[in-house]
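Student: This is the structure I have questions about; it appears just below.
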Amino acid sequence: MNPDGLLVNLNQSQQAAVSSFADTLAILAGPGSGKTHTLTSRTAWLLAQGLQPWNVIVATFTVKAAREMKERIGRLIGNGMESKLILGTFHSIARRYLARYGHLIDIKKDFGIADSADSLAIIKRILKRNNFIIDAKVAKSRISGQKARGAGYKVDENGSKSVAKSVEAHEFETCYMEYEEALRRSNLLDYDDLLLRCVDLLRRHPSCVSNVEAVLIDEFQDTNIVQFDLMCLFASHRKRVTIVGDPDQSIYGFRAAEIENYKRLLRLFPHTITIALEENYRSSGAILLTALNVIEQDSSRVKKSLLATHTVGTRPVLRKLCDAHKEAEWIITEIQRIKGLTGDLLDLNDFAILLRSSALSRLIESALGKAGIAYRMVGGLRFYDRVEVKTILDYLRVVNQPDNNDALARIINVPSRRIGEATIKSLLEEADEAKMTLWSLILGVVQGKRTAETKLPKQTDQGLSRFVNIILTARGKLTAPPEERVTTPELIKFILLKTDYETWLEEHHQDKHKARWANVEELIKQATDFQDLVACGYEDECLPQIDDLDQEEGADHLSRFLANVALASEVKNDEGTATTQVTISTIHAAKGLEWPVVFIPAAYQGSIPHSRAEDTNEERRLLYVAMTRAKALLYMSCPVKNSQSEQTTLSPFLCQPSLAPLLDQRGPSLRSTAVQTMAQILRRSLPSTTSISKSSESVLSTEDDLFPIDGEENEDEKNSRWNSMSGNPTFTMGQQPTKRRRI
Ligand code: ATP
Ligand code: MG
């Protein structure tokens, strides 16, 4: 593969970044400037230089971003090597290291992952058992916060002597400790543990990453301290790191993301070369100008310029509607009208509705449903959280890892085995007190090795035996000799058969049993697809082996499928059959993505900025992220009365006088003349460059203004420095391109 070919269609700064021989590179730039695009090209370029893909780590923020990146690298290099990259979210990469090397720090190979709902259930149980008064959700997010900061159990009370706070602190500390103990006993790791334990692993066994030649990180502004540590550990051998980020889009402060990480990077890697990208390839000039006007209200931010490469286009629309119902109807009408006006130019996949919180989606979902418009929910009620899907997954979790108390407690009486809620609770408490798992307790009882203190009626006894039997037989099938071993889809079918699950669904959900059964079938399909993906080496298996693990193929496959489910952050809703769908997403989950048409409803004080948010600047950045997802049309709206019938006032971020001339606040929202311009933007055929400055005027800049930063130093010097660092005989340096192309 010719590395120079990878630079075609990139602007000069992007080319410099892609083909830089600097060890540490920081690409800091605004939205839509091609940071992810550049990071992808740089990964391909490194491979073209001779790096082996299994020696390159690429961390992204969402599963979707990881998938898109892998596909694009595949298109660039075209030899299937992209599937061998260590590419994924921080959590999925950490999971892979722990699955492969966790035994070195006493993590059992078949560990399960506690997702958010599992963690909450465990915490609720602890609080109830101890009669604690603290709120389970608050405790959960606080535990997660402490873990994400790498802090221990102790609560910092800021010197406060208030008795109430001390009680709370004591309850929290106890809850934290018991939570950790419960996870350990059930052989579970929660999301934070995946990162923390991986840090622990790599600190104690740096040889696990001795092969890593390069580390590339997207959305660096949202990394927390543990992720930062992980990045440094990945890079501890070669110290070759590329990060891309935008401080203006930092929106995960509430989850302990640290904007300070950039300074840390400069301290740890003093030779870091910083490159800016200043052209926006995503949004129309008018959208960009309006978004910049919003972000510039934050006087504390570091200013940077961003130039629109597209035409000015249609002004963003801001509408006041009388209530939230009317707002939802207005959105539907506009979607239909835009579709009507634009003909083949747009399909439903080109529309997104971005929400500050997923609770706002109800009215919009029902309006879309009434209008017969297909939609997918991102970051809302996930496919995997549906009762029937979760039940089957819980069965798989228990078959894989019977010590998972919570999964076991959820399915022990589904379908009904006459084991009541009270009995389950009492068994759980008994197991807790005996410091054993629920599974060991019931197994002992069924096998006659112990008598339960909990009183078990006769029918319960039989129910328990049948249940234990199903789990033991399923486990047997999983660990059988290869020729008799079952695959994950076969295992699901076995469970469905043994539990007569379809009949149970029919009896318990008469009205919706067909839809629910369709979800179960969809799960079987996903398990089959995953099986195929793994079979063609698309997932995992590219970490180097430092010793031989006694791998049980079947069990290993099931754990990987379950981990994949636990780490997936988004799944389609019921309308899975529709080929095109409007996207409804939280703003947080829309990070890094783009759509031709974007709606931001509920733009009122209390929604954005959110009433419970602590950092107003972070809320403003959130609005900025939402606005900059739009390519051609941006719609914002504010119901005068919200869905709780409370009077609202427009978000202060949109009240600035300087914004008034930039927004379309009356008139029809899309004139037919605008369609032409839109088509141009979407086909990326616009050579004109509009400079967006602090003033609300758009002026054409000279060409030189477009490529202000090159960050270049003497190439020969850098080549030799890099070569000497590389120390890798397979690593051959390519020629730097002599000609640079401009777009
Ligand atoms: P965000 O901050 O929102 O994550 P980003 O900086 O990562 O944005 P990308 O998503 O990489 O931006 O790119 C935005 C859009 O611009 C994409 O559609 C990408 O294909 C396009 N793009 C990037 N660079 C160029 C270029 N040199 N020429 C044409 N299009 C480009
Ligand atoms: Mg990006």
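The values are calculated or read from the model by the stated rules, or taken from the named source; none is laboratory data. Note that the structure is predicted; figures quoted are calculated from it, not measured. Don't worry about glycine lacking a Cβ; one is built from the backbone with ideal geometry, like all the others, and counts go over all protein chains shown.
Student: Kindly evaluate Leu87 against the criterion of being under 17 Å from Gln227 (Cβ atoms) and either of a type in the set (Ser, Thr, Tyr) or within 16 Å of ligand 2 (Cβ to nearest atom) (or both).
Tutor: Judged against the criteria, Leu87 is a match.
Student: Moving on. May I ask you to list the residues in region 517-565 that are surrounded by 19 or more Cβ atoms within 10 Å (Cβ to Cβ), charged (D, E, K, R) and modelled with pLDDT of 80 or more?
Tutor: Arg560, the sole residue that qualifies.
Student: Test of understanding: among Ser300, Ser283, which residue is at pLDDT 95 or above and out of contact with any Leu (no Cβ under 6 Å at 6 or more places or on another chain)?
Tutor: Details: Ser300 fails: at pLDDT 95 or above.
Every option except Ser283 fails the conditions.
Student: Right, another one. Scanning region 197-246 for residues that are within 16 Å of ligand 2 (Cβ to nearest atom) and among the β-branched types (Val, Ile, Thr), which turns out nearest to Pro31 (Cα to Cα)?
Tutor: Keep residues of region 197-246 that are within 16 Å of ligand 2 (Cβ to nearest atom), which gives 216-223, 242-246.
Narrowing further to those that are among the β-branched types (Val, Ile, Thr): 217, 223, 242-244.
On the way: Ile217: 16, Thr223: 17, Thr242: 18, Ile243: 15, Val244: 11 Å.
Selected residue: Val244.
Student: When you check Ser186 against the structure, is it in contact (Cβ under 8 Å) with a residue 60 or more places away in the chain, buried (at least 23 other Cβ atoms within 10 Å of the Cβ), of a type in the set (Gly, Ala, Ser) and more than 16 Å from ligand 1 (Cβ to nearest atom), yes or no? It would help to see each step written out before you state the result.
Tutor: Values: in contact (Cβ under 8 Å) with a residue 60 or more places away in the chain: yes; buried (at least 23 other Cβ atoms within 10 Å of the Cβ): yes; of a type in the set (Gly, Ala, Ser): yes; more than 16 Å from ligand 1 (Cβ to nearest atom): yes.
Criteria met by Ser186.
Student: Run Met1 past the list (1) in contact with a helix residue (DSSP H, G or I) (Cβ under 8 Å, 6 or more places away or on another chain); (2) more than 16 Å from ligand 2 (Cβ to nearest atom); (3) modelled with pLDDT of 95 or more and report the number of the one that doesn't hold.
Tutor: (3)
Student: Would you mind listing the strands (runs of 3 or more DSSP E) fully within region 161-263 where at least 2 residues are closer than 28 Å to Ile107 by Cα and in contact with a Pro (Cβ under 6 Å, 6 or more places away or on another chain)? Working first, answer last.
Tutor: Working: elements: 188-190, 214-217, 241-245.
So the answer is none; nothing clears 2.
Student: Being at pLDDT 75 or above and basic (Lys, Arg) is the filter here, so list the residues in region 636-682 that pass it.
Tutor: Across region 636-682, the qualifying residues are Lys641, Arg666.
Student: Check Ala276, Ala286 and return the single one that is small (Gly, Ala, Ser), within 16 Å of ligand 1 (Cβ to nearest atom) and either in a helix (DSSP H, G or I) or farther than 28 Å from Tyr375 by Cα (or both).
Tutor: On the way: Ala286 fails: within 16 Å of ligand 1 (Cβ to nearest atom).
Result of the check over Ala276, Ala286: Ala276.
Student: What are the pairs with Cβ atoms under 7 angstrom where one residue, in region 205-231, is under 13 Å from Ala257 (Cβ atoms) and the other, located anywhere, is within 16 Å of ligand 1 (Cβ to nearest atom) and part of a helix (DSSP H, G or I)? Sequence gap at least six, or different chains.
Tutor: Close Cβ pairs satisfying both conditions: Gln221/Pro247; Gln221/Gln249.
Student: Here is a follow-up. Within region 580-612, work out how many residues are out of contact with any Lys or Arg (no Cβ under 9 Å at 6 or more places or on another chain) and surrounded by fewer than 20 Cβ atoms within 10 Å (Cβ to Cβ).
Tutor: Qualifying residue count, region 580-612: 5.
Student: Determine whether Ser300 is in contact (Cβ under 8 Å) with a residue 40 or more places away in the chain and not assigned by the TED database to the domain that holds Leu663.
Tutor: Details: in contact (Cβ under 8 Å) with a residue 40 or more places away in the chain: yes; not assigned by the TED database to the domain that holds Leu663: no.
When the stated conditions are applied, Ser300 does not pass them.
Student: As an exercise: evaluate Gly30 against (1) under 24 Å from Arg203 (Cβ atoms); (2) buried (at least 24 other Cβ atoms within 10 Å of the Cβ) and give the number of the one condition it does not meet.
Tutor: Going through the list (1) under 24 Å from Arg203 (Cβ atoms); (2) buried (at least 24 other Cβ atoms within 10 Å of the Cβ), Gly30 breaks only (1).
Student: Counting only residues that are of a type outside the set (A, V, I, L, M, F, W, C) and closer than 23 Å to Ser284 by Cα, give me the strands (runs of 3 or more DSSP E) lying completely in region 306-376 with at least 1 of them. Outline the logic, then answer.
Tutor: On the way: elements: 306-308, 317-323, 351-355.
It comes to 317-323.
Student: Give just the number: which of (1) within 19 Å of Asp246 (Cα to Cα); (2) in contact with a His (Cβ under 8 Å, 6 or more places away or on another chain) does Ala29 not satisfy?
Tutor: (2)
Student: Return the residue satisfying two criteria in turn: it lies in region 8-38 and is assigned to a helix (DSSP H, G or I) and within 8 Å of ligand 1 (Cβ to nearest atom), and of such residues it is nearest to Arg301 (Cα to Cα).
Tutor: Pass one, region 8-38, residues assigned to a helix (DSSP H, G or I): 12-18, 35-38.
Next, only the ones that are within 8 Å of ligand 1 (Cβ to nearest atom) stay: 14, 35-38.
Working: Gln14: 24, Lys35: 20, Thr36: 22, His37: 25, Thr38: 24 Å.
Among those that are assigned to a helix (DSSP H, G or I) and within 8 Å of ligand 1 (Cβ to nearest atom), it is Lys35.
Student: Among the candidates Thr38, Thr43, Thr60, Thr24, which residue alone is crowded, with 21+ Cβ neighbours inside 10 Å, more than 23 Å from Val625 (Cβ to Cβ) and within 14 Å of ligand 2 (Cβ to nearest atom)? Don't jump to the end; show me each part of the working.
Tutor: Details: Thr38 fails: more than 23 Å from Val625 (Cβ to Cβ); Thr60 fails: more than 23 Å from Val625 (Cβ to Cβ); Thr24 fails: within 14 Å of ligand 2 (Cβ to nearest atom).
The conditions single out Thr43.
Student: Right, here's the next one. Which of (1) out of contact with any strand residue (DSSP E or B) (no Cβ under 7 Å at 6 or more places or on another chain); (2) within 16 Å of ligand 2 (Cβ to nearest atom); (3) touching a residue at least 60 places away in the same chain (Cβ under 8 Å) does Ala17 not meet, given it meets every other one?
Tutor: Result: Ala17 fails condition (1) only.
Every residue, every condition in (1) surrounded by fewer than 23 Cβ atoms within 10 Å (Cβ to Cβ); (2) within 16 Å of ligand 1 (Cβ to nearest atom); (3) among the polar types (S, T, N, Q), yes or no:
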site	(1), (2), (3)
Cys198	no, no, no
Cys208	yes, no, no
Asp229	yes, no, no
Thr242	no, yes, yes
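Student: Quick one: which strands (runs of 3 or more DSSP E) sit completely within region 581-658 and have at least 1 residues that are charged (D, E, K, R) and within 16 Å of ligand 2 (Cβ to nearest atom)? Reasoning before the result, please.
Tutor: Values: elements: 582-586, 595-600, 630-641.
In region 581-658, the matching strands (runs of 3 or more DSSP E) lie at 630-641.
Student: Just one of Gly74, Gly88, Gly78 is surrounded by fewer than 21 Cβ atoms within 10 Å (Cβ to Cβ) and more than 16 Å from ligand 1 (Cβ to nearest atom); which is it? Talk me through it step by step, then tell me what you get.
Tutor: Values: Gly74 fails: more than 16 Å from ligand 1 (Cβ to nearest atom); Gly88 fails: surrounded by fewer than 21 Cβ atoms within 10 Å (Cβ to Cβ).
So the residue among Gly74, Gly88, Gly78 that is surrounded by fewer than 21 Cβ atoms within 10 Å (Cβ to Cβ) and more than 16 Å from ligand 1 (Cβ to nearest atom) is Gly78.
Student: Does any residue of region 74-84 turn out to be within 15 Å of ligand 2 (Cβ to nearest atom) and either more than 30 Å from Leu396 (Cα to Cα) or modelled with pLDDT of 90 or more (or both)?
Tutor: Just the residues of region 74-84 that are within 15 Å of ligand 2 (Cβ to nearest atom), to begin with: none.
Scanning region 74-84 turns up no residue that is within 15 Å of ligand 2 (Cβ to nearest atom) and either more than 30 Å from Leu396 (Cα to Cα) or modelled with pLDDT of 90 or more (or both).
Student: Among the residues of region 55-73, what is the count of those that are among the basic types (Lys, Arg) and modelled with pLDDT under 90?
Tutor: As a first pass, look at region 55-73 and keep what is among the basic types (Lys, Arg): 64, 67, 70, 72.
Imposing the further condition that a residue be modelled with pLDDT under 90 reduces the set to 64, 67.
Result for region 55-73: 2.
Student: Give me the pairs, please: first residue somewhere in region 52-68 and of a type in the set (Val, Ile, Thr), second residue anywhere and assigned to a strand (DSSP E or B) and within 14 Å of ligand 1 (Cβ to nearest atom), beta-carbon distance under 6 Å, and either six or more positions apart or on two chains.
Tutor: Val58/Leu216
Student: Counting only residues that are crowded, with 24+ Cβ neighbours inside 10 Å and among the β-branched types (Val, Ile, Thr), how many does region 1-21 have?
Tutor: Qualifying residue count for the region: 1.
Student: Have a look at Asp385, Asp344, Asp394 and point out the one that is touching a residue at least 60 places away in the same chain (Cβ under 8 Å) and of a type in the set (Asp, Glu).
Tutor: Working: Asp344 fails: touching a residue at least 60 places away in the same chain (Cβ under 8 Å); Asp394 fails: touching a residue at least 60 places away in the same chain (Cβ under 8 Å).
After ruling out the rest, the residue left standing is Asp385.
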